[in-house]
Amino acid sequence: MQNPPNPEAFNALVWRIVQQIPAGQVSTYGQIASMLPTPAGVSDDEAERFAPVWVGKAMNAVSGREDTPIAWQRVINSQGGISLPEGSKAALEQRRRLLAEGVLFDGKGRVDLDTFGWEGPPAAWLRENGLRTPRSLRREKPNSGQLSLW
């Protein structure tokens, strides 16, 4: 599927979610997609495969625009990188905006999702908007070294 069944409604919902991401934190296309209900007429499998791409298209529709209230720069890929073409005006602007918010990049141009990853909006906001609990961006911490009794 190239686009969700109702792109305008889908994009509006994505943008409403993105507006919840606080300055200094980032989300990913997949994390946002994990909050969305499956669109009518789309199977769960199709939604799982295509929704992150659709989220990317929604972000692309506003990326680099000065006149948008949507903090598009706060949405990056699952590896912590900027998905826009390297060196493009929009990619440079996204990096500039994130740095201005205190989001740091490592030597490979990636954001540490354990440090800067958003855990999602409050549960009440999710319920009010008919959304799912988001997937966490943080990796599970390794065992503390303490031996398990089981």
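The values are calculated or read from the model by the stated rules, or taken from the named source; none is laboratory data. Computed from a predicted model, the values in this text were never measured in an experiment. Here the Cβ positions follow ideal geometry from the backbone for every residue, glycine too, while neighbour counts run over all protein chains shown.
Output yes when any residue across the range 93-100 is touching a helix residue (DSSP H, G or I) at 6+ places or on another chain (Cβ under 7 Å), in a loop (DSSP other than H, G, I, E, B), at negative phi and charged (D, E, K, R), and no when none is.
Residues of the range 93-100 that are touching a helix residue (DSSP H, G or I) at 6+ places or on another chain (Cβ under 7 Å), as a first pass: 94, 97-98.
Next, from what is left, pick out any that are in a loop (DSSP other than H, G, I, E, B): none.
For the range 93-100, residues touching a helix residue (DSSP H, G or I) at 6+ places or on another chain (Cβ under 7 Å), in a loop (DSSP other than H, G, I, E, B), at negative phi and charged (D, E, K, R): absent.
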Conditions: (1) touching a strand residue (DSSP E or B) at 6+ places or on another chain (Cβ under 7 Å); (2) under 25 Å from residue 9 (Cβ atoms). Residue 57 meets all but one. Number of the miss? (1)
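Only one of 119, 140 is at pLDDT below 95, outside any helix (DSSP H, G or I) and within 30 Å of residue 38 (Cα to Cα). Can you tell me which?
140
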I'd like to know if the range 43-55 contains one or more residues that are surrounded by 15 or more Cβ atoms within 10 Å (Cβ to Cβ) and part of a loop (DSSP other than H, G, I, E, B). no
Within the range 97-141, restricting attention to residues that are small (Gly, Ala, Ser) and closer than 18 Å to residue 17 by Cβ, which residue is farthest from the chain's Cα centre (by Cα)? 124
What number of residues within the range 21-42 are assigned to a loop (DSSP other than H, G, I, E, B) and in contact with a strand residue (DSSP E or B) (Cβ under 9 Å, 6 or more places away or on another chain)? 2
Starting from the range 77-105, take each residue that is of a type in the set (D, E, K, R) and surrounded by 15 or more Cβ atoms within 10 Å (Cβ to Cβ) and list its partners that are modelled with pLDDT of 95 or more and in a helix (DSSP H, G or I), counting only C-beta distances under 6 angstrom and pairs at least six apart or across chains. 97/73
Could you check, for the range 41-51, whether at least one of its residues is touching a residue at least 24 places away in the same chain (Cβ under 8 Å) and over 22 Å from residue 13 (Cβ atoms)? no
Quick one: would you say residue 125 is aromatic (Phe, Trp, Tyr), over 17 Å from residue 25 (Cα atoms) and either in contact with a strand residue (DSSP E or B) (Cβ under 6 Å, 6 or more places away or on another chain) or at pLDDT 95 or above (or both)? yes
